[in-house]
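To start, the structure under review is shown below, and the notes come after it.
The values are calculated or read from the model by the stated rules, or taken from the named source; none is laboratory data. This one's a predicted model, so the numbers in the text were calculated from it and none came from an experiment. Because the Cβ atoms are built from the backbone with ideal geometry, glycine has one as well, and the counts that use them run over all protein chains shown.
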Amino acid sequence: MKGAAEHTESEPSMELSSLLHDLHLSPSSSSEKPLPSASLPPITELLSRLQEKLIGSSSDAETSSLIGRVELLFQTADPHWLFSPASSNRDGGWAELQVAYSSVVSALIGCAALPLCEDDSASLPASAYHGIPTRAAAVCSALTALLGTLGNVGGQSGVLLSVCPPVCVFSVTHFQDRPWTSPASRAAARSLQEALLRAGRWRDSAHLLTGDEENRGMLGEILDVLQPQLSKDVWTRCEAVKFVFAWTLLQVTRPSLSPHLSRLLPPSLLLNDHYRPENCMLGVHCLHHIVLNTTPADLRQFNRAEVVYEAFFKHLYTSEAAVMQAVLPGLLDLLAVLEKPPSSLGPSPSHRKPCRHDDVLRLMLTHMEAENKVALRRVYAAALPPYVDRMGVAVCRHLRRLERVVLGYLEVRDSPEETSRLKMLEVLEKSIRTAWPRMACRVDVLLRCLLKLLLDVSVDSGLSDSVRQQLTNQTSLCIKLLDGCSHGDVQRLLEQIDSSCCSPEVLCCLATVTTRTGR
């Protein structure tokens, strides 16, 4: 047993001695006795040679072998030797040590670098990333070993803070489900991220980025790593950088986002302005996150909010349903930053001048009236109720166009969930409650449409019972509200209906309209 233990303990020493010999560093002895730290060369010299070897390796096999030996070095070498400056000048020695580790970490990461796209016209095929997941997993394992040893040293050391930004960017690049990753490489990248959090005593990724009074945040340094790849002419060449940037931004919330707004806003606008829908949507999500997590004063400074408004507004002309679905909620939140909601203004006509809310709603209704794509109709219908809510009584300026949209959408089936019809009934309900004095003249047209809807729903065998009940209840409510704002005219009109043309369910529903609702 004793001999076996001695043999196991000697293997790391032999490996280190062999590595030093291969790198032409003394000592060259192959003795099985542990090498004393005093007889070892400075760690900065070893790291410098390792960097040269990693950069100059000529084959995958050589690179893989070298990464494995680096991992073993970080796992087994004396931590005191690994993280002690060689220079007698302590400040200069620590700086040299940090530069050495940063360089070797960059060389390791470079072993799994992604190929660059020729231009921004298309993404690279999956075959272009052949071999990347395997190399990335090996690099993750070596970096995890380094962070494990650093974590045992304790605290946020200078070496840890210097290697943290590129390591974080590398782990985020590879733990997402992308064409250049595999299940094994994603698991290794997640382990690397966890090792980074443990080493720096960070609670989670958001804490790593923003920090607190005890632990320093690394957002600024991570943006320094990403910045060269986020310029206008370069960002489309690397497929990963946009996802890493978006992940980083979406981790940062108020109040930590505002100090970095000048660096986070331009890349988000670049993504938003791109012609490819997937990049455009990513940019919209980033801009919406900025709007939600930046103080209105900071967002209005330097006309930033105006710039974001123009970036959002131009997407109202798109035919991509996914882009429109992301833009409309973001635009509604941004409008609250740019101006007071029309519903909060006083009754004086001078306070009801048209504003950006009117511009957006007018354009939405214009497009909704002519839209025939089911996906876009659903997106518009889902987004319309909050806009009508925000407008308040100012929706009166748009009632004619809104009426045409509501009537048009209620006439068209949207099976099986009938989301568009349900949302339009919600819009009609809000409009009647808010603008009831203007509804009396529209009772005939609206009532005819609602009665037709009740008949269609009662005979539609494709609807589930729950959807049918929702449509019936919401339609009945709208009829009761119309009756209330028309002083009972609806009840008099209902008395003229030929009961032989209606099903018992419809007659039962109409019978509930017996009392006037309050205005």
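Worth pointing out:
- Sub-7 Å Cβ pairs linking a first residue in segment 454-470 that is at pLDDT 80 or above to a second residue that is in a helix (DSSP H, G or I) and polar (S, T, N, Q), at least 6 apart or interchain, are Leu454/Thr472; Leu454/Thr475; Val457/Thr472, ordered by first then second residue.
- Just so you know, in segment 166-186 the residues that are over 20 Å from the mean Cα position of the chain (by Cα) and touching a residue at least 40 places away in the same chain (Cβ under 8 Å) include one that is farthest from Glu239 (Cα to Cα), and it is Ala184.
- Gly131 vs. criteria of a type in the set (Gly, Ala, Ser) and closer than 20 Å to Asp204 by Cα: no
- Filter pass, Asp91 being at pLDDT below 90 and touching a Ser or Thr at 6+ places or on another chain (Cβ under 6 Å): no
- Take the conditions (1) within 14 Å of the chain's Cα centre (by Cα); (2) crowded, with 19+ Cβ neighbours inside 10 Å; Leu250 misses just one of them, which is (2).
- Annotation: Gly68 fulfils all but one of (1) among the small types (Gly, Ala, Ser); (2) under 24 Å from Asn152 (Cβ atoms); (3) without any contact (Cβ under 8 Å) to a residue 60 or more places away in the chain; (4) outside any loop (DSSP other than H, G, I, E, B); the unmet one is (3).
- The criterion of at least 1 residues that are more than 30 Å from the chain's Cα centre (by Cα), over 22 Å from Leu481 (Cβ atoms) and not aliphatic (A, V, I, L, M) is met, among helices (runs of 4 or more DSSP H) falling completely within segment 327-428, by 356-370.
- Among residues that are part of a helix (DSSP H, G or I), touching a helix residue (DSSP H, G or I) at 6+ places or on another chain (Cβ under 6 Å) and under 26 Å from Ala126 (Cα atoms), Ala305 is not included.
- Set Val159, Val105: member being of a type outside the set (Ser, Thr, Tyr), modelled with pLDDT of 95 or more, more than 27 Å from the chain's Cα centre (by Cα) and within 19 Å of Leu47 (Cα to Cα): Val105
- Segment 220-275, residues that are touching a residue at least 24 places away in the same chain (Cβ under 8 Å) and among the polar types (S, T, N, Q): Gln227, Thr236, Thr248, Gln251, Thr253, Ser256, Ser258, Asn272
- Flag if Leu47 is in a helix (DSSP H, G or I), surrounded by 19 or more Cβ atoms within 10 Å (Cβ to Cβ) and within 37 Å of the chain's Cα centre (by Cα): no
- Residues located in segment 431-481, provided they are of a type in the set (D, E, K, R) and either surrounded by 18 or more Cβ atoms within 10 Å (Cβ to Cβ) or touching a Ser or Thr at 6+ places or on another chain (Cβ under 6 Å) (or both): Arg442, Lys480
- Just so you know, in segment 154-212 the residues that are out of contact with any Lys or Arg (no Cβ under 7 Å at 6 or more places or on another chain) and aromatic (Phe, Trp, Tyr) include one that is surrounded by the most Cβ atoms within 10 Å (Cβ to Cβ), and it is Phe170.
- Residue match in segment 443-465 (condition: out of contact with any His (no Cβ under 9 Å at 6 or more places or on another chain), assigned to a loop (DSSP other than H, G, I, E, B) and of a type in the set (D, E, K, R)): yes
- Yes/no for Arg186 being out of contact with any helix residue (DSSP H, G or I) (no Cβ under 7 Å at 6 or more places or on another chain) and charged (D, E, K, R): no
- So Thr76, is it in contact with a helix residue (DSSP H, G or I) (Cβ under 7 Å, 6 or more places away or on another chain), closer than 15 Å to Leu20 by Cα, crowded, with 17+ Cβ neighbours inside 10 Å and of a type outside the set (Asp, Glu): no
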